[in-house]
Amino acid sequence: TTAVSDFLANDLARLLPGIIPHPAVTPMPVDVARFLEGMLNPKVDPPRILYAGNLVPSKGVDVLLRAAAELQRRGVNFELKILGQGPARNSLETLARALGIDSQVIWSPFVDQPLMPREYGASTVTVLSSRGKTEGLGLTLVEALLAGSAVVGTAAGGIPEVVLHEQTGLIARADDPVDLADQLQRLLSDTSLRERLTQAGKEHVLRTYSPESAIGRFLDIYHAVADHQSNR
């Protein structure tokens with residue numbers, strides 16, 4: 001039994017105690033070459049904060065909108081792009097208007113996967129402000145780092161396995177728009193911090209999520225199973 005993150009492996013072990021051995025962690029491979037192309041895209045001006053995903057309550061997009069309102073109050077220069085679809089779209093648009101930030105928010109439906117490297121590459125920061133244990137991994141943040149975008153996440157599910165706080169990105173407290181605004185402002189205003197974290201993040205995901213790394217881990221599992229069967 002395999003899982004794509006330590007979080008999911010531990011969850012499986014907790015849900016099925018004694019039924020299966022502890023799952024092996026085999027992070028999913030990402031199309032590295034495609035997402036690295038995103039680095040060729042120039043950053044837009046004003047600096048873009050990007051969210052890409054489903055518009056559902058568990059994703060915490062409402063927290064991101066409140067954080068954007070806090071950034072606006074502080075006089076931070078930015079635009080926010082919400083790229084996705086879902087049942088919370090109307091309520092989120094209403095919230096943006098109530099917060100007075102609707103002019104700074106770009107709403108976009110999902111785009112085809114081949115276009116996503118460009119979206120990440122044009123963005124200064126990509127955010128995943130999820131709640132609870134709703135993220136098995138946080139693949140959006142892996143893709144964003146490859147394309148040259150800095151990342152901010154919460155400690156939801158497997159996100160901290162991608163976003164190592166102060167090493168490959170920044171972690172904000174869940175359901176805390178002020179803290180999220182603090183982390184976003186740090187990356188928007190501190191070029192050296194942003195570049196350092198983004199470069200370290202790219203190296204981390206290349207080591208962990210490249211096809212070559214994934215192939216090696218699966219071959220190890222297959223060889224172990226084959227050895228076990230031959231020794232029975």
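The values are calculated or read from the model by the stated rules, or taken from the named source; none is laboratory data. Here the structure is a predicted model, which means the values were calculated and not measured. Cβ placement follows ideal geometry from the backbone for every residue including glycine, while neighbour counts extend to all protein chains displayed. To get the accessible areas, we keep the full protein, side chains included, count just its heavy atoms, and leave off ligands, DNA and RNA. Shrake-Rupley method; radii C 1.70, N 1.55, O 1.52, S 1.80 Å.
Taking residue 146 as the residue in question, decide whether it is under 10 Å from the mean Cα position of the chain (by Cα) and buried (at least 18 other Cβ atoms within 10 Å of the Cβ).
The answer is no for residue 146.
Checking the conditions here, which among 103, 129, 123 is polar (S, T, N, Q) and more than 18 Å from the chain's Cα centre (by Cα)?
Answer to the check: 103.
Check off (1) assigned to a loop (DSSP other than H, G, I, E, B); (2) of a type in the set (A, V, I, L, M); (3) over 16 Å from residue 180 (Cα atoms); (4) open to solvent by less than 10 Å² (accessible area, probe 1.4 Å) for residue 156 and give me the number that stays unchecked.
It fails just one condition, (3).
Name the residues in segment 18-32 that are more than 19 Å from residue 161 (Cβ to Cβ) and either of a type in the set (Phe, Trp, Tyr) or under 18 Å from the mean Cα position of the chain (by Cα) (or both), would you?
31
When the residues of segment 1-11 are filtered to those that are of a type in the set (A, V, I, L, M, F, W, C) and either in contact with a Leu (Cβ under 9 Å, 6 or more places away or on another chain) or closer than 22 Å to residue 144 by Cβ (or both), which remaining residue is least open to solvent (accessible area, probe 1.4 Å)?
3
Which residues, taken from segment 169-200, are outside any helix (DSSP H, G or I), open to solvent by 20 Å² or more (accessible area, probe 1.4 Å) and over 20 Å from residue 46 (Cβ atoms)?
Result: 171, 173, 174, 175, 176.
Considering only segment 54-92, state which residues are open to solvent by less than 20 Å² (accessible area, probe 1.4 Å), closer than 19 Å to residue 155 by Cα and assigned to a helix (DSSP H, G or I).
Across segment 54-92, the qualifying residues are 61, 63, 64, 65, 67.
Which one is modelled with the highest pLDDT among residues in segment 12-35 that are open to solvent by less than 60 Å² (accessible area, probe 1.4 Å) and either more than 23 Å from residue 222 (Cα to Cα) or polar (S, T, N, Q) (or both)?
Taking the candidates together, the pick is 35.
Within segment 123-136, can you find the residues that are open to solvent by less than 10 Å² (accessible area, probe 1.4 Å) and either free of Cβ contacts under 8 Å to residues at least 40 places away in the same chain or not polar (S, T, N, Q) (or both)?
Answer for segment 123-136, where residues must be open to solvent by less than 10 Å² (accessible area, probe 1.4 Å) and either free of Cβ contacts under 8 Å to residues at least 40 places away in the same chain or not polar (S, T, N, Q) (or both): 125, 127, 128.
Could you check how many residues of segment 97-112 are surrounded by 11 or more Cβ atoms within 10 Å (Cβ to Cβ) and either farther than 16 Å from residue 123 by Cβ or not β-branched (Val, Ile, Thr) (or both)?
Residues flagged as surrounded by 11 or more Cβ atoms within 10 Å (Cβ to Cβ) and either farther than 16 Å from residue 123 by Cβ or not β-branched (Val, Ile, Thr) (or both) within segment 97-112 amount to 10.
Scan segment 1-30 for residues that are free of Cβ contacts under 8 Å to residues at least 12 places away in the same chain, of a type outside the set (Gly, Ala, Ser) and assigned to a loop (DSSP other than H, G, I, E, B) and jot them down.
Across segment 1-30, the qualifying residues are 16, 17, 19.
Taking residue 51 and the conditions (1) modelled with pLDDT under 95; (2) open to solvent by less than 40 Å² (accessible area, probe 1.4 Å), which numbered condition does it fall short on, given that it satisfies the others?
(1)
Return a yes/no flag: does segment 205-227 have any residue that is more than 21 Å from residue 3 (Cα to Cα), in contact (Cβ under 8 Å) with a residue 12 or more places away in the chain and surrounded by 18 or more Cβ atoms within 10 Å (Cβ to Cβ).
no
Quick one: residue 121 ticks every box in (1) out of contact with any Gly (no Cβ under 7 Å at 6 or more places or on another chain); (2) farther than 24 Å from residue 26 by Cβ bar one, so which box is it?
That leaves (1) as the condition not met.
On the basis of being modelled with pLDDT under 95, more than 30 Å from residue 222 (Cβ to Cβ) and of a type in the set (Val, Ile, Thr), does residue 134 make the cut?
So residue 134 fits the description; yes.
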